[in-house]
1. When you check A:Ala275 against the structure, is it over 25 Å from A:Val126 (Cβ atoms) and outside any helix (DSSP H, G or I), yes or no?
2. Looking only at segment B:633-653, count how many residues are within 8 Å of another protein chain (Cβ to nearest Cβ) and in a strand (DSSP E or B).
3. Pull up segment B:310-320, narrow it to residues that are surrounded by fewer than 17 Cβ atoms within 10 Å (Cβ to Cβ) and modelled with pLDDT of 90 or more, then point me to the one that is farthest from B:Asn403 (Cα to Cα).
4. Identify all residues within segment A:148-159 that are crowded, with 20+ Cβ neighbours inside 10 Å and either of a type in the set (Lys, Arg) or within 12 Å of the chain's Cα centre (by Cα) (or both); write none if there are none.
5. I'm trying to understand the selection: among the residues of segment A:5-47, which are within 23 Å of A:Thr134 (Cβ to Cβ), away from every other protein chain (no Cβ under 11 Å) and in contact with a helix residue (DSSP H, G or I) (Cβ under 7 Å, 6 or more places away or on another chain)?
6. Any residue at all in segment B:210-231 that is out of contact with any Asp or Glu (no Cβ under 9 Å at 6 or more places or on another chain) and either on the phi > 0 side of the Ramachandran plot or modelled with pLDDT of 85 or more (or both)?
7. Out of all the residues in segment B:575-619, which are surrounded by fewer than 18 Cβ atoms within 10 Å (Cβ to Cβ) and over 23 Å from B:Glu540 (Cα atoms)?
8. How many residues are more than 48 Å from the chain's Cα centre (by Cα) and either surrounded by 19 or more Cβ atoms within 10 Å (Cβ to Cβ) or without any contact (Cβ under 8 Å) to a residue 12 or more places away in the chain (or both) when one looks only at segment B:522-538?
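The values are calculated or read from the model by the stated rules, or taken from the named source; none is laboratory data. This is a predicted model, so every value here is computed, not measured. Cβ placement follows ideal geometry from the backbone for every residue including glycine, while neighbour counts extend to all protein chains displayed.
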Amino acid sequence: MFKGIFVDDKEEEKKYAELLTKISSGKLNIEFRLPEHEVTELADHLIGQHFDFAAIDFRLDEVPIKGAEGNKQKNKYRASALAQQIRDRAIDKPSSDLPLILLSQEDYIKRIFHADSTAEDLFDLVISKEELVTEEPLRLAAARITSLAAAYKTIQSVFAKNNNKPVALSVLLGLDSNEAEMVLNHQAIRAIAKIQYPHQIISKVMALLIQRPGILLSDEHLLARLGVSPDSPNISQLKAKLIDLKLGYSGLLCDGWPRWWWHRLDAWGKGILGAPLGSSAGSERVLKLSSALKIELKPAASKWSKSSDEYFWVACSSCDHPTELKHSVLGYDANYQPFLEPSRICWYCIQTGAYDSRDLIIDDSDENLAEQIKNGKIQPQAQMSS
Amino acid sequence: MKSDLLNTLKKQLSIELEQEHVDFQAIAELNKKILECDKSSVRFSIDARHIHRLGFELVGRQETALSELIKNSYDADATEVRIDFVAFDKPGGFLTIADDGSGMTEETIRSAWMRLSTNDKELSPISDRFKRSRAGRKGIGRFAVERLGKELILESGVLGELQGVRVQFNWDDVFKPDVDIGMLSFSIERFDKAPEAHGTKLTIVTMRDRWTEAQLKRVWKSVILLQPPYKVRRTYRGKALTKTEGKELDPGFSVVINGKSSSEIQAEFSLDKTFLDQRLARISGYIDKDDRAHILLESKKLGFSDKITLDRKFELVGETSFEADYFIYLPEFIEGFSTRTATDVGSEYGGIRVYRDGFRVLPYGEPRDDWLKLAYDTGRRNIIVPAHNVNFFGQLELSSDVNVLLEETSSREGLIENEAFVQLADFVRSGLEWAALRVAAARERKQTAGQKDFTSKRGKPSERVKKIFEDVSATSSQSGPSGASAVPADVLKEAQEEVQKIVENFEQEQEQREKAHLRYEELLRILASLGTSIAVFSHEIRGALNGFSGSILNLKGLLADLGAKDKAKKPIDDVEASLSQLNDLASYVMSLIAHTAKREKNEIAVHSVITEFVSQFKHYLDTRQVEFEVAINPPYLRTTPMHRSEIDSVLFNFLTNSIKAMDRANTGNRKIKISADREGEYVRIGFQDTGSGVDPAIADKIFDAFFTTHQYGDDELVGPGSGLGLKIVSDIASANSGLVRLGDAEQGFNCRFEFLVPAAIAQQ
């Protein structure tokens, strides 16, 4: 069980601590605290109490809390100030580092928090309170917090065993050295092995492995590589079979963010298809996979051409649907690395404008192409003939 | 030496006087020479050529000269004057001006016509027979004829005489320099005529200038002022009237200018083409036997009619009626006249006259009378629409046996101003004011919300002023026999007044626009503060809803822990469902605020906006059992750059309207269809429903501010009608060069609104 704290200036928000504790089925124990101290005092308190994680509301200053000695409001700070104080202490003592979760209202997160990238770097996870109104998101949030707390503990434990010196990332990711040599031998990833602070390691793992497809794949990208429709029956069975085949990722954060090793999937796929996964059409891939796994699966259909005979490869960054490279444009990513799978946005989302509200940016190299799609110069065959 | 000369002259004069056939010319010359021998005093003499100089200085333009001669006919109580040009398209033609006026005796010709600067019109400003207010400028007639041609034959005769008089003048040959005008004599010729014939005929030979169509038109326009624009009353209750307004019935005055050019083009103008045809609206009103007042309004020019029954009774007046023609003196409403001419007619003859038993009751409707207080209130801008006396030409009927309380004063100068009179004035004034305001409303209303040429119909002020300057330049290039190109003073004056009027009208319109703008700004301020409140409170409400939802989840967990039965869980599930619905709506408001916060304009992908809108309200519509259909073709449709929140607002307003309309229709078939397609260069969003539809009678008002058909209690969520929804949609359309309109609903639907905005440039 991980012991955590939730800091919010509104007493009634205590229920989030209770809800997350309850839904975690004994994995989390979250206590609630009002920001009754000055920011440094509160940071000292949180570190001193050895919490496994801290969830903090963005606005800690909306309900004034006054000290006994006078009328001065003590809680005149926001989550980022408190988080900075905690991170500063972790630099001095990495063993006291802990996951920080921003748990706040959605519009604060969107309007203020995301506008400040330095504040963003301070937190491991951002959860909007609006999401926590039904069980499923609540369960996911609890799982991710648990996963983060476990990851920090894992890192600190490995460091402790290594006399507080950095360790190879393969140890943290659950790969043997041979496999690691093949998969992790990229400059940006090698650099992670030099980091001494747990929160920085988590930040890099998140950015280079968890949040972007490449070395690891999310469920959506897994289906795209297999050419399976998200609406297909038996997806749970498919995933169970693939886990049995050791294709699933079991390293840091795997419980909160299920992922698949691409290099293992690739090798397995070649064995099934006799060729790389990307070398056959979705319909063919699914036919062979269904046969090999003895599971009935439905092939994906292109949202542009409506055909299953496309060479599906990635999940669209806008709609998460399997899409083929030839009917998708390149998305811009400021933190792109060569070992990552570039973001792709399917032509359907470009045509209908669905990507507009997802804060996605089209890469300059595909801008002209996207303009032609937007303006009807390029249309699916079916639309042109109608 | 000089005394010898005087004696010689005396002898010569004595000899002349003693002869049997007196040589008057010789006597006049001797008389002049004798006077020159006077050593004790000096005398003025006038050079004969002075007539010519006066002609050109006093009567600059030939059309003014002709107008003056026509006015002379009017002043002489003529009922008709005929003007015939022969070969008028180049100098040298001739012209006759013949009237059936009172004519001149030989004595009148001698004492008045031949005498310069007579003050006859000053002494007798009213004509003898029809009591016309004399229009001609004093003593200018003979200069006018000299201005027009080289020779004049004057023929005139009076009623009852058997002979008329004819005199011939040869201006250029006789009126030479160094000749004293007093020494010039012209022989009188007498001719036989019928005793009932009367009138004057001027024949102008060898015209100095050519005549153009434009000049003839100006002559015609100048004579329009000579008589009232309305027909003079001739009967009352079926009986012929012999007198009206205390004088012999004026049968009217007609002018016919009939010339024929060498290109055989007939140019004919007649005053029968009445001024009143230019009316903007006809207003009529009556008080019925129940003392109720009804006002009717019809405007063919604006294409509408309306009526109203006043909200009070007029018990002291009795049955009566009035009718009036309403004029607004703007170029777009007055054809064939300059606005200056039309305004002059209004100043001279405008107002509401009162007739009692068929006879005019003065002073009502006279130029300085303001019995309806129209001049008072327009002057103080208590009424801002055109509603001065000059804007109306009308009359009111009274009868001594029906309107018994409305009596004339003993001096016969108006009605006794008792309570009945106050009610009467209130009746007419209320009717005219209502009609003027109604016309103003009709003029201001656009035909469609996005109509862009609304203010440009009459042309830009700068273009109209430019046209006036061009006209003035054209006049200067054709004026003057000497080839002088100076602009005649009266043309210049008219042009200045026209320009002044255009500027004043523009200022007035600007003022009205500013007022409308201020009203709208006020509305925007209210909406902005409302928006700020919504932004603040929606955040709080969203927070509260989250808290509520969390508490419900907690409660559910507790119930589960306690092993509660399904029966106990049901109410919690219901609360959860309602919360989910509220969360959907709160999310919509939050996203709207987020979009509104973004100030930049972007091309809007219609598919995405509509899809998101439908998904946002899906739960809400499901609970209200509304079936939703979306058809977007082509899917790539994008609008011109605009604010995303504007499209959201359009869809939301259409949606709330549809729900209200379907509730009102109380139909089991509740369907909404949103479609999007192209219409020319526009993106068209169609919004259809199975509601009650729009009554054609109010179709032209639904886009007006504060117009609503909804009542409180229609729908607790979508709220009562503010009357702003469609106005906002309409303003969004206008602001983006688009339009909103009612369209033809597809089969299965009762109402269709269409919102059109230009497509993205690349899609046009």
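1. yes
2. Count: 1.
3. Among residues in segment B:310-320 that are surrounded by fewer than 17 Cβ atoms within 10 Å (Cβ to Cβ) and modelled with pLDDT of 90 or more, the one farthest from B:Asn403 (Cα to Cα) is B:Lys313.
4. Answer for segment A:148-159, where residues must be crowded, with 20+ Cβ neighbours inside 10 Å and either of a type in the set (Lys, Arg) or within 12 Å of the chain's Cα centre (by Cα) (or both): just A:Leu148.
5. A:Phe6, A:Ser24, A:Lys27, A:Leu28, A:Asn29, A:Ile30, A:Phe32
6. No, segment B:210-231 contains no residue that is out of contact with any Asp or Glu (no Cβ under 9 Å at 6 or more places or on another chain) and either on the phi > 0 side of the Ramachandran plot or modelled with pLDDT of 85 or more (or both).
7. Once the filter is applied, which keeps residues that are surrounded by fewer than 18 Cβ atoms within 10 Å (Cβ to Cβ) and over 23 Å from B:Glu540 (Cα atoms), segment B:575-619 yields B:Arg599, B:Glu600, B:Lys601, B:Asn602, B:Val614, B:Ser615, B:Lys618.
8. Selection size over segment B:522-538: 3.
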